[in-house]
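Okay, so here's the structure we're looking at.
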Amino acid sequence: MNKTKADYNLISEEFSRTRWFVWEETKFLFNDYAKDRDKVLDIGCGNGRYFELLKNTDYVGIDNSSKLIEEAKKKYPEANFLVADALDIPFGDNTFDKVYSIAVLHNIPSKELRLEFLNEANRVLKDKGVLILTVWKFHRFSDYLRLFKNSILKLVGKSKLDFKDFLEPWSDKTLRYFHWFSKKELEKMIEKAGFRVKEIGVIRNKKGNRRNIYIIAEKS
């Protein structure tokens, strides 16, 4: 967790430039599910780009990267952005109507911490509140190679990462941590955290080179 926070602080300006606009294929997650005046929490908000689609809600964006929160505040000075830990969300129980977590959970190491992350999202949601979450669907050959390499290192006792984890380079600056989710694994973990899955699927951009698993789940 400390490495991930340090990595995103290190690359915050470059990362923000690559995430300046909302990806077209993800817009339905906001247009179809967020209602005006909903209380909305955006966990791992990064540079705050999703605020553009949530301006009519009572919005709060949190991220553990202080540098990304700086980018978010520069981009949308009128919005409410906070530096906060997703494993210890600074809001009371049953606060929000909707919780968004876009491309965050795959950066959380270990089953235990990923479940803690989801339990916190559940805690701050109101009864029947909705979680809208995505994780990357890895599909490139280079990703398969990294996954295979770590699996071999794990088997011979030379990797501290879990199976289905790998490190992916960001230019020559750092190696970012990722967990490789399947739809089945994600669905089981969401249900274990006390949610009822309403919809799960894969979204792709027009070129097909960007893919995400999405899930819509209700607090049960």
Subset of region 179-200, residues of a type outside the set (A, V, I, L, M), over 14 Å from residue 125 (Cβ atoms) and in contact with a helix residue (DSSP H, G or I) (Cβ under 8 Å, 6 or more places away or on another chain), comes to 179, 180, 181, 192
Those residues of region 46-71 which are outside any strand (DSSP E or B) and closer than 18 Å to residue 6 by Cβ amount to 46, 47, 64, 65, 66, 67, 68, 69, 70, 71
Cβ pairs under 8 Å, 6+ apart or interchain, first in region 12-26 and over 16 Å from residue 212 (Cα atoms) and touching a residue at least 24 places away in the same chain (Cβ under 8 Å), second surrounded by 14 or more Cβ atoms within 10 Å (Cβ to Cβ) and small (Gly, Ala, Ser), ordered by first then second residue, are 12/65; 15/46; 16/46
Of the residues in region 84-109 that are aliphatic (A, V, I, L, M) and under 18 Å from residue 39 (Cα atoms), the one that is surrounded by the fewest Cβ atoms within 10 Å (Cβ to Cβ) is 84
Handout entry: Verdict on residue 32 being modelled with pLDDT of 95 or more and more than 26 Å from residue 209 (Cβ to Cβ)
Key = no
Over region 72-83, the set of residues part of a loop (DSSP other than H, G, I, E, B) and either without any contact (Cβ under 8 Å) to a residue 12 or more places away in the chain or surrounded by 17 or more Cβ atoms within 10 Å (Cβ to Cβ) (or both) is 76, 77, 78, 79
Only one of 89, 108 is more than 19 Å from residue 162 (Cβ to Cβ) and among the β-branched types (Val, Ile, Thr), namely 89
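The values are calculated or read from the model by the stated rules, or taken from the named source; none is laboratory data. What you are looking at is a predicted structure, and each value in this text was computed from that prediction instead of being measured. Positions of Cβ are backbone-derived with ideal geometry, glycine not excepted, and every protein chain shown enters the neighbour counts.
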